[in-house]
Amino acid sequence: QVQLVESGGGLVHPGGSRRLSCVGSGVSLKINRMRWYRQAPGNERELVATITPSGSIDYADSVKGRFAISRDNAKNTVYLQMNSLKPEDTAVYSCNADGPCNLYWGQGTQVTVSS
């Protein structure tokens, strides 16, 4: 059974940092294009960051310079390091594994940025 499980969400003050994890089971994340998305209430889902199997990385303009996506193949885990968080970063963050024959989603983890 394939699962993507996100963790690391929670309440953080503006300007703070948080690291999200996406652990895969039943699927090798290193052969997938891995993406982090977020969705705030009333908003459309937004693509935040992407890392390809070759290691190419891309970010949404709204998070460039603040967020960093990375992958640990030994742990079959993808991370999203979030720094200098703003209230507008509040959302449910989900990871996505996009491979040659699959598209899998995690259940999401809530990040709330508030003082």
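Using the 1.4 Å probe convention, the accessible area of the stretch 1-99 works out to 50 Å² per residue with neighbouring protein chains retained.
Applying a 4.7 Å cutoff between beta carbons, the unpaired cysteines of the chain are CYS101.
Measuring nothing but protein heavy atoms, the accessible surface of the stretch 15-64 at 1.4 Å probe radius is 44 percent carbon and sulfur.
Straight-line cross-link partners of LYS30 among the lysines, defined as a Cα under 19 Å from its Cα and at least 8 positions apart when in the same chain: LYS75. Fraction of C-alpha pairs exceeding 21 angstrom in the chain: 30 percent, rounded to a whole number.
The values are calculated or read from the model by the stated rules, or taken from the named source; none is laboratory data. Note that the coordinates shown come from a computational prediction; the quantities given were computed from them, not determined experimentally. Please note: Cβ atoms are built from the backbone with ideal geometry, for glycine as well, and neighbour counts cover all protein chains shown. Note: areas computed on protein heavy atoms with side chains; ligands, DNA, RNA excluded. Shrake-Rupley method; radii C 1.70, N 1.55, O 1.52, S 1.80 Å.
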